[in-house]
Each structure stands twice: as structure tokens, then as C-alpha cells.
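The values are calculated or read from the model by the stated rules, or taken from the named source; none is laboratory data. What you are looking at is a predicted structure, and each value in this text was computed from that prediction instead of being measured. Reconstructed Cβ throughout: ideal geometry from the backbone, glycine too, with neighbour counts over all protein chains shown. Accessible surface areas use protein heavy atoms only, side chains included; no ligands, DNA or RNA. Shrake-Rupley method; radii C 1.70, N 1.55, O 1.52, S 1.80 Å.
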Amino acid sequence: MRIPFDSFTLRAVVAELQPIVGAKVQRIVQLDEHTVVIEMYGLGVDSALLISCHPQFARAHLTTRRFASKGEPPGFWQALRAKLTGCVLAAAEQRGFDRILDLEFEGRGERLRIVAELMGKHSNVMLLDSQQRVFAAMRWISANQSARPIKANSPYVPPPFEPRPSLFFAKPGDNLKEFEGASPFLLKLIEKNGLEVLHHAEEPVLVPESGAYPVPADSLGLVGKKVKTISQGLDQFYFAEVPRFEA
């Protein structure tokens with residue numbers, strides 16, 4: 001059983017990002033075609049945020065690792081460095097209860113936004129300008145590839161999801177599949193433990209071969225170890241798993 005990076009996990013990560021809102025972007029590194037790291041400082045913190053649109057391991061979390069740039073700087077990295085270095089992280093939010101992370105940055109007379117759509121093989125990371133146009137993207141998508149193309153200088157169009165109420169508003173007896181954020185894994189967890197798991201997440205658990213999730217291991221029917229933060233668990237898991245997957 002592989003524990004997914006779903007809406008519930010992103011919610012826990014976004015909660016961890018709140019103390020670094022107001023920090024300044026110091027350095028940006030693009031690790032590969034899927035992954036970028038934004039290093040920030042200030043407010044008594046020294047943090048790095050990793051964002052990946054990997055088709056199998058899309059995710060976002062803080063990391064204590066430090067990385068060196070590799071090879072020729074990609075265009076996306078160049079755009080981020082030019083636009084965001086020295087800017088302040090003004091907001092970090094989850095869009096509804098979906099797998100979309102919105103990061104607002106302020107500086108140089110602009111308000112920019114990174115949109116990380118962490119949705120499996122459809123994942124992408126984009127930089128939007130102050131008019132909400134796509135200034136840069138990790139993956140450009142043509143009209144032949146999708147009904148929602150991602151093109152330079154075009155207005156950002158959100159994924160065409162039908163609006164649904166958040167799973168946090170569900171009541172016993174509701175059809176949970178009709179709610180936003182209802183991943184198959186989370187639905188199984190609720191079926192076993194009840195809706196209270198949505199409101200009583202404890203320290204995240206790291207389970208070897210499976211990943212990290214913001215509820216106790218016994219709720220998952222697994223034996224694991226608690227970690228101090230969800231980011232710590234995700235960082236440990238993915239940096240062991242991704243190289244093995246791609247070997």
C-alpha cells in the first residue's frame with residue numbers, strides 16, 4: 001500500500017508554511033525537469049520549499065537539504081530567479097480542499113503567484129504575473145494535448161473541476177465521493193475510522209515503503225514511526241523512493 005500525496009497531506013503542508021509567510025526568497029534551484037526548490041530566509045527561519053510536478057511523485061514540502069544547481073539552467077528556473085529573488089512570500093494557501101497550492105509573492109512593485117497543481121500525471125507548476133497570465137511553466141501544454149492549454153502570456157485558467165463542497169463539511173451518511181478532496185485513500189481511512197480523522201490529525205507518521213501521512217499509524221493499520229513534521233516525513237520518504245523508482 002502506497003500512501004498518496006493527497007489533499008489532506010497538502011493541507012498539513014500548508015499549515016506548516018504559515019510561519020514562513022513574510023520570509024524573503026534568497027535562492028532558487030531547479031533539481032530536474034520536475035522539481036524546483038525555493039530557499040527563503042528571515043523571520044528567524046531558514047527554510048527551503050520543494051515543489052515537484054513529477055507524474056508519479058508530485059508534491060510540495062519543506063526540506064532541510066541544500067542543493068546545487070545541475071547543468072544548463074532551464075528556462076523555468078531562469079524565470080523564477082529573475083522574478084522572485086528578493087521577493088517576500090506573502091501568502092501560502094490550498095485552493096479549497098484540492099491538490100492545488102497557491103503561493104503569493106510581493107516585491108519589485110509586482111505581486112506574483114506560483115500555482116502548483118499536484119495532480120498526478122497532469123501536475124504542473126506555473127508562475128503567473130500580476131495580471132494572472134502565465135509567465136513561465138514547468139510544462140507547456142499545447143491545444144493538441146489538452147482542452148486547457150498552458151501557453152506563455154495567456155490567462156491562467158483553473159482546472160475544469162465541477163465545484164463541490166469540501167470534505168470537511170461532510171456528515172455521517174453523506175456520499176463522500178461527492179465532496180472535494182475525497183481521495184480513494186482518505187475515503188478508506190474514513191470508512192475505517194470515521195469522519196473524525198479529518199479533524200483530529202496528530203503527528204504525521206512515516207511508514208517505510210509507503211510514505212508519510214498526517215494521522216497516527218494505527219489509524220492506517222500500519223506500523224511506523226512518528227516524525228516531528230509532515231515535511232520531515234515526506235522529505236525522508238521521497239528522497240529514498242524517487243531515485244529507486246527512476247533507477
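Annotations
- Taking the numbered list (1) under 10 Å from the mean Cα position of the chain (by Cα); (2) surrounded by fewer than 17 Cβ atoms within 10 Å (Cβ to Cβ) in turn, Val13 passes all entries but (2).
- Residue within segment 136-150 that is part of a helix (DSSP H, G or I), of a type outside the set (Gly, Ala, Ser), open to solvent by 30 Å² or more (accessible area, probe 1.4 Å) and out of contact with any Asp or Glu (no Cβ under 8 Å at 6 or more places or on another chain) present: no
- Residues of segment 92-106 that turn out to be assigned to a strand (DSSP E or B), open to solvent by 40 Å² or more (accessible area, probe 1.4 Å) and either in contact (Cβ under 8 Å) with a residue 24 or more places away in the chain or over 16 Å from Leu80 (Cβ atoms) (or both), as a count: 1
- Within the option set Leu50, Leu112, being under 18 Å from Val21 (Cα atoms), touching a residue at least 40 places away in the same chain (Cβ under 8 Å) and in a strand (DSSP E or B) holds for one residue only, Leu50.
- Residue match in segment 30-51 (condition: closer than 21 Å to Thr229 by Cβ, among the hydroxyl-bearing types (Ser, Thr, Tyr) and open to solvent by 70 Å² or more (accessible area, probe 1.4 Å)): yes
- Here the condition is being crowded, with 18+ Cβ neighbours inside 10 Å, among the hydrophobic types (A, V, I, L, M, F, W, C) and within 14 Å of Ala12 (Cα to Cα); of Leu198, Leu167, Leu220, Leu189, it holds for Leu198 alone.
- The listed residues are Ala60, Ala82, and the only one of them that is of a type in the set (A, V, I, L, M) and over 14 Å from the mean Cα position of the chain (by Cα) turns out to be Ala82.
- Taking the criterion of being in contact (Cβ under 8 Å) with a residue 24 or more places away in the chain and among the hydrophobic types (A, V, I, L, M, F, W, C), the residues of segment 69-91 that qualify are Phe76, Trp77, Ala79, Leu80, Leu84, Cys87, Val88, Leu89, Ala90, Ala91.
- Residues in segment 22-37 that are in contact with a helix residue (DSSP H, G or I) (Cβ under 7 Å, 6 or more places away or on another chain) and closer than 12 Å to Thr63 by Cβ: Val36 alone.
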